[in-house]
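Okay, structure first, notes after.
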Amino acid sequence: MAMAAANGAKGFEVPELDIKFTKLFINGQFVDAASGKTFETRDPRTGEVIAKIAEGDKADIDLAVKAAREAFDNGPWPRMPGCARARIMHRFADLVDQHVEELAALDTVDAGKLFLMGKMMDIPGGANLLRYYAGAADKIHGETLKMARPLHGYTLKEPVGVVGHIVPWNYPTTMFFFKVSPALAAGCTMVVKPAEQTPLSALFYAHLAKEAGIPDGVLNVVPGFGPTAGAAMASHMDVDKISFTGSTEVGRLVMQAAAMSNLKPVSLELGGKSPVIVFDDADVDMAVNLVNMATYMNKGEICVAGTRIYVQEGIYDAFVKKSVELAKKSVVGDPFNPNVHQGPQVDKDQYEKVLKYIDVGKSEGATLLTGGKPCSDKGYYIEPTIFTNVTDDMAIAQEEIFGPVMALMKFKTVEEVIQKANSTRYGLAAGVVTKNIDTMNTVSRSVRSGVVWVNCYFAFDPDAPFGGCKMSGFGKDMGTDALEKYLHTKTVVTPLYNTPWL
Amino acid sequence: MVARRAASSFLSRRGLLLPRPPADSLLRADSARRSLPGAVYRFSTAPAATADEEPIKPPVEVKYTQLLINGNFVDAASGRTFPTVDPRTGEVIARVAEGDAEDIDRAVAAARRAFDEGPWPRMTAYERCRVLLRFADLMERHNDEIAALESWDGGKPLEQSAGGEVPMAARCMRYYAGWADKIHGMVVPADGPHHVQVLREPIGVAGQIIPWNFPLLMFAWKVGPALACGNAVVLKTAEQTPLSALYVASLLHEAGLPDGVLNVVPGFGPTAGAALCSHMGVDKLAFTGSTGTGKIILELAARSNLKPVTLELGGKSPFIVMDDADVDQAVELAHRALFFNQGQCCCAGSRTFVHESVYDEFVEKSKARAQRRVVGDPFKKGVEQGPQIDGQQFKKILGYVKSGVDSGATLVTGGERVGSRGFYIQPTVFADVEDEMKIAQEEIFGPIQSILKFREVGEVVRRANATQYGLAAGVFTRSLDTANAVARALRVGTVWVNCYDVFDAAIPFGGYKMSGVGREKGAYSLGNYLQTKAVVAPLRDPAWL
């Protein structure tokens, strides 16, 4: 693979960044943490500090929840009609679009994400999600019921109340809007805790939300760490719902805290070890490209990354050869450089973790075909890496690496590959590459995952629900399903007298 | 020409709908009246009608008077035009290109191409959504011009057009914009190893015929869901009110609608309307108008290609006031339910049933309210009631007044024309109306309130249902049980309980019986513009069924 020169290279511009928002956003105001403490957010291109951010802790979560509680219990947001919330959300979306360059740059310096992808996908995608749910805000229907006795019954879909959202660092913008958009549409108020690695864009969105006219207290953003701010939110008695995206390990803690406090419902989008299954009848070049994207997109820092690649024996050798060639062509470097395919891992911890897994793979006996090394002496860049001769019991086939590491495996039959694909505690996503309709239908019903992409990958869409099964979590983001997370159903029943029909 | 107009008005006369007045509209009207004493006409105190004053010049130019076909404004193939008339004076506002069968052919061909080969059904639903949202923004930006056209052409108060109908039309478009990317088919369980999916596909080319009483809102109700679902449209406007549709259709193109997706052909029912209904290239019809014309449309659809038809037709909607109702509120809402839009509403509460224990009080207060109603130039501030749409309606309504008197109903107030020019009629109230009287049976479509007396719930439900119509009803009561029982017992498409004319975009609207077929607005209208396709394939070794 080519290593593009890091920061300061010729041929592309790194935009001047003025970090405007570094404080907690509570009740419509940017405020310091109650403790006065701050933490550093770093640029993964260099490891240098970008800004010091107010560090939210329990006292700040208390204030934010109080503001959200007041905004829900007595404020205008849940009391205005869905179409009025929609108008404000549309304005919010327009403001996001107007600031696309600045927002994309924030996610790039904060998370090492490709600037061009941010401008083309992440940021406009966030605005689109807002618009999608703006369009849903006036379409939340209860039902009138068919009762077995002379009773009139109907359901009300009520906003669930104060929502706590805990957002990860790999897609700071996308995940922010995955969570915030349907909750806003439903009429909830909320506290968002962005990841400590990537607080910058979330604070900017808080500012834009206020500018768009979202009332104070409806959307609060408290950057901070999991064990402090996150734990306080998950165990808060006045939070009615927790929505979390992150690791399976932390998901368990969130659910535990919810159970030990007020039994708030929880939705969890957790880790994955998603299989991509390539059948003999696939077009090899297309499959190689698809798998390359599935594994290396966003430097492999994506919960649905295709990390277990099962290739049928008839095309296995050709597939391996071409995959290595393609991985070697990948350009790793400064994510502001439009010619770069892969930026740095998000931080030192992740960088070291990925390199450790590469060592484990080697020591477990997998064959390292390409990559496997850091590719810069500054920042957290890692080469696109491919292992073959991987067996299902190896750590690199079982555990989520969250880095640019592909594990290639060979299979013979449909039955065998279904069994292998399902031999994981995860169940987030799966890819299938085949031209055969029977294979497609059989595999897509047999794989235990929340989404199956056939002859495509990462086919996310605002209307398509997304979320895992097994230890990849439960509850859906996106689509009309996501609205359900932020609503509860109240049944109202009253007797009927002299009714002409039942 | 006279005969043709008569017949054509039969084909595209009626409409429906009454927007909910803005929350403060009553207050605003009151304050306007207080601040402008004598500036507008109240018929009981100022019989020298200001309706005879020089009409206010509408603050708008008529820009579009041609047919809109395939993205271009063009003359009719015949070169003919017809006049559209200012109902305040009977004078011609503009001459408009008169669409006929050949123009409908051209419009359908353009719509066909736009659907069969064009980008509209092929672009993403999100992109369609953005076009409709931009259109709604443009309508808001041009609110005052559109409202002025609507009031000029239709005689409705400018405050009502500007504050109610244009915003409601924009709201309707936004509502359906939001549906565009949420149109779901089901994946269906099979009895054996089969994978079954339902695709909701756009139906194709929709022919839509809209009435003159709410031209812009009817445009939105029909065009909104049709476009959101990815269809192409040929819209025929009423000959009385072609102007606002042409104007907003141009805005829709400015918003990015591809050529040919929406074609607007003003014209008459027996010619353009009939050609559209009989056309073999039209996949769907939606009509709002009279029951008589609805029958003709259904027949033309049956005789041509069996295209499915949605009909929103006439009504004789009961407004029922129980003895426990808040009388003052009921009087005010019964008044608005009938007189709104000069009484030209298909869901007008035109049979006011009042419990005997409050009947006399109700009649007295209704009379007083009708006499306070401000009739005058619709462009004047504070005016509640403008002229009727045209001379034909005007004469018909006065005929019904005579019929009411002749049949023995008590004329409590009104009954005369206002002024000597244009089509203004006094707010009129009849008491002691009996079920068999013509004014209690037929749709008058004018400012004539008929108040009937009843004794008990079972009786009023039976009488309320004793009509060929079944569009809407109002029930006024504080009793939960009465409200529930009556709401279920009335055979109507909408029951408003302690309110009337609430017309949110999400609320389905349509009639039982001879008030129509199908529902518009809400999620229900999407089904009018979608085909349902089941796709079935065998499953080999399915993991579950």
Under the rule of -39500 (n - 2.57) per DSSP H run of 4 or more residues, summed and divided by the residues of chain A, what mean residue ellipticity at 222 nm is obtained, to the nearest 500 deg cm²/dmol? -11000 deg cm²/dmol
Determine the dipole magnitude for segment A:275-454: charges of +1 sit on the beta-carbon of Lys and Arg, -1 on that of Asp and Glu, nothing else is charged, the reference point is the Cα centre, and the result goes in debye to the nearest 20. 120 debye
For segment A:275-454, what is the relative contact order in percent, using Cα pairs closer than 8 Å and at least 6 residues apart in sequence? 27 percent
Based solely on its DSSP helices, what 222 nm [θ] is calculated for chain B when runs of n ≥ 4 H residues each add -39,500 (n - 2.57) and the sum is averaged over all residues, nearest 500 deg cm²/dmol? -11000 deg cm²/dmol
Whole-angstrom gap from segment B:512-536 to segment B:119-134, using each part's C-alpha centre: 21 Å
Given all pairs of distinct Cα atoms, segment A:388-432 yields a Kirkwood Rh in Å of 11.6 Å
Using alpha-carbon coordinates, inclination of helix B:2-12 to the longest axis of chain B, degrees: 70 degrees
Counting only residues 5 or more apart in sequence or on a different chain, those whose built amide H sits under 5 Å from that of B:Ile93 are B:Thr84, B:Val85, B:Asp86
Charge dipole of chain A about the Cα centre (unit charges at C-beta), most positive-ward option of A:Val192, A:Gly251, A:Thr144: A:Thr144
Percent of Cα pairs exceeding the 15 Å cut-off, where the set is segment A:340-417: 55 percent
Any chance you could check the Cα centroid distance between segment B:309-356 and segment A:46-65 for me, in angstrom? 60 Å
Can you put A:Cys188, B:Cys129 in order of Cβ neighbours within 10 angstrom, beginning with the fewest? B:Cys129, A:Cys188
Among the trypsin sites (Lys or Arg not before Pro) within segment A:313-393, which fall in a DSSP loop and have no more than 13 other Cβ atoms within 10 Å of their own Cβ? A:Lys378
Please state, to two decimals, what the Cα-based radius of gyration of segment B:316-503 comes to when divided by 2.2 N^0.38 Å (N = residues). 0.96
Rounded to the nearest whole number, the per residue volume of the convex hull around the C-alpha atoms of segment A:356-499 in Å³ is 195 Å³
Quick one: dipole size for segment B:316-503, taken about the Cα centre, charges +1 on Lys/Arg Cβ and -1 on Asp/Glu Cβ, in debye to the nearest 20. 680 debye
Under 18 Å from the Cα of A:Lys329, which lysines turn up, not counting those fewer than eight places away in the same chain? A:Lys299, A:Lys321, A:Lys373
How long are the three semi-axes of the equivalent ellipsoid of segment B:259-397, in whole Å, if each is the root of 5 times an eigenvalue of the C-alpha gyration tensor, listed from largest down? 39, 20, 12
Folded to 0 to 90 degrees: helix B:356-372 orientation relative to chain B principal axis, Cα: 90 degrees
The answer for the per residue Cα convex hull volume of segment A:155-300, in Å³, is 159 Å³
Determine the principal axes of the Cα atoms in the protein assembly as shown, then give the extent along each, sorted from largest to smallest and rounded to whole angstroms. 105, 63, 61
In nm, to one decimal, how far is the B:Val535 label point from the B:Glu332 one, both placed 7 Å along Cα→Cβ? 5.5 nm
Exposure proxy check on A:Phe225, B:Phe503, A:Phe458: fewest-to-most Cβ neighbours within 10 Å is A:Phe225, A:Phe458, B:Phe503
Helix B:166-180 sits at what angle to the longest principal axis of chain B, using alpha carbons and giving 0 to 90 degrees rounded to 10? 30 degrees
Please give the peptides B:404-411, B:284-291, B:232-239 ranked by average Cβ packing (other Cβ atoms within 10 Å per residue), highest first, as a rough proxy for protection. B:232-239, B:284-291, B:404-411
Calculate, in whole percent, how much of the Cα-Cα pair population of chain B lies beyond 39 Å. 25 percent
Farthest positive-ward along the protein assembly as shown dipole, Cα basis, beta-carbon charges - from B:Gln344, B:Val223, A:Asn292: B:Gln344
Going from the fewest other Cβ atoms within 10 Å to the most, one would list A:Ile50, B:Ile210, A:Ile315 as A:Ile50, A:Ile315, B:Ile210
Inter-probe distance in nm under a simple model that places probes 7 Å from Cα toward Cβ, at A:Asp377 and B:Val187: 5.4 nm
Can you give the Rg and Dmax of chain A based on its C-alpha atoms, in angstrom? 23.5, 83
In whole Å, how far is the Cα centre of segment A:268-308 from that of segment B:181-258? 39 Å
Surpassing 21 Å at the alpha-carbon level, of the pairs A:Lys264/A:Lys490; A:Lys139/B:Lys316; B:Lys156/B:Lys295, are A:Lys139/B:Lys316; B:Lys156/B:Lys295
Can you spot the lysines whose alpha carbon is less than 22 Å from A:Lys20's alpha carbon? Ignore those fewer than 8 places along the same chain. A:Lys37, A:Lys52, A:Lys113, A:Lys119, A:Lys193, A:Lys210
Amide H neighbours of B:Thr310 under 5 Å, at least 5 residues apart or on other chains, H built in the peptide plane: list them. B:Leu285, B:Ala286, B:Phe287
Towards the positive end of the charge dipole of chain B, with charges on Cβ (+1 Lys, Arg; -1 Asp, Glu), say which of B:Gly164, B:Ala543, B:Gly446 has the farthest Cα. B:Ala543
Non-local residues with an amide H under 5 Å from the amide H of A:Gly473, with H modelled 1.01 Å from N and Pro and chain starts lacking one, are A:Leu270
Distribution output for segment A:275-454: share of Cα-Cα pairs per 10 Å bin in percent, first bin at 0, values 10, 41, 35, 12, 1
With r as the distance between the Cβ atoms of A:Arg79 and B:Leu306 and R0 = 45 Å, compute the FRET efficiency 1/(1 + (r/R0)^6) and round to 0.05. 0.40
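Coordinate-derived values only; no laboratory data. All values derive from a computational prediction rather than experimental measurement. FYI the Cβ positions are ideal-geometry reconstructions off the backbone, even for glycines, and counts take in every protein chain you see.
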